[in-house]
1. Could you look through segment 137-174, keep only residues that are assigned to a helix (DSSP H, G or I), of a type in the set (S, T, N, Q) and farther than 13 Å from THR100 by Cα, and pick out the one that is least open to solvent (accessible area, probe 1.4 Å)?
2. Residue check: is LEU150 within 17 Å of the chain's Cα centre (by Cα) and under 30 Å from ALA203 (Cα atoms)?
3. Condition first: open to solvent by 40 Å² or more (accessible area, probe 1.4 Å), of a type in the set (Phe, Trp, Tyr) and modelled with pLDDT of 55 or more. Can you find one or more residues in segment 47-55 that meet it?
4. Can you tell me which residues in segment 175-200 are at pLDDT below 80 and open to solvent by 90 Å² or more (accessible area, probe 1.4 Å)?
5. State all residues of segment 110-120 that are closer than 16 Å to LEU170 by Cα and open to solvent by 40 Å² or more (accessible area, probe 1.4 Å); if no residue qualifies, say none.
Amino acid sequence: MKTLSPNLLLWLALPLLAGCAREIPPAQVGVKFSSMSGNEERLLKPQVVWVLPRQRLVLYPTNIRNATYTRGGHGGAERSGNDSIQCSTNEGAILPVDVTVSYHVDPTNVMTVYKNFGTNDIQEIQTEFIRPATNWAVNSVSGQKSVFELTSKERAQFGQRVKTLLTPKLAAWGLTVDDVFTGEVYPPEEVKQKVNERISVRAELDTAQVTLKRATVEAETIQTKAKEQAEVNRLLGEAGDKAVALKKIELRRKAITKWDGVAPLTGDGRIPFTDLTLGR
């Protein structure tokens, strides 16, 4: 029997090998695992690699990816329907909340990710690992807060506090957390009504406090102006008395200038402009 040449065998195998070519796209890194040898090859740049039948190529994103868990189950959520995180409050209420975790895989951590998650793809990682970790972090924060705080004044800081807890947990798995966004919080209708009533009362109280402060400032302003006017009037009064005294001195000076020095022959004998009296 005639043996086929190696070159002919290669040409015959090319169509089969073509289906084994896999591309590592930009902004992704990968690990190629061989079940035959147990070898793990780290692939950190865009390239085309051969993946044989008993080999597996696992890709991870180095660009920012969003794991989104929302009530509508859209926008990147891993499950259909209500995929929001159910968080509990310090009153024991359960509130669904929309949460998005932005993360990526740093190339230096690709083997750490692979050793933690094996051949799970990124979608499975988001569903089976990131979601439970996010649920833990959200409830750790919400359990210390009231419904009112989570739906009003504390809502702006909610995501950052969740990020503080979630970051080291995912970092141990090789995942880098870029940010955590908490969206809509969905309290039950009766709770929502009570929250709205409390917000309304709080707004009225704030308005009353502002009005009182404004009235206090206006009263202090009026009192200050009254004191200033009283002081002005006092100074004007003193200035008037001094003006009369100065006028008298001026008239006396002019009279003295015009006096001829002769005492009058009639009258009480008082010498003008002095305290002297004739004959005394």
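The values are calculated or read from the model by the stated rules, or taken from the named source; none is laboratory data. Keep in mind the model is a prediction, meaning the values are calculated, not measured. Only protein heavy atoms, including side chains, enter the accessible area calculation; ligands, DNA and RNA are left aside. Shrake-Rupley method; radii C 1.70, N 1.55, O 1.52, S 1.80 Å.
1. Here the answer is SER142.
2. Yes: the conditions hold for LEU150.
3. The answer is yes, given that some residue of segment 47-55 is open to solvent by 40 Å² or more (accessible area, probe 1.4 Å), of a type in the set (Phe, Trp, Tyr) and modelled with pLDDT of 55 or more.
4. GLU189, GLU190, LYS192, GLN193, LYS194, ARG198
5. MET111, THR112, LYS115, ASN116, ASN120
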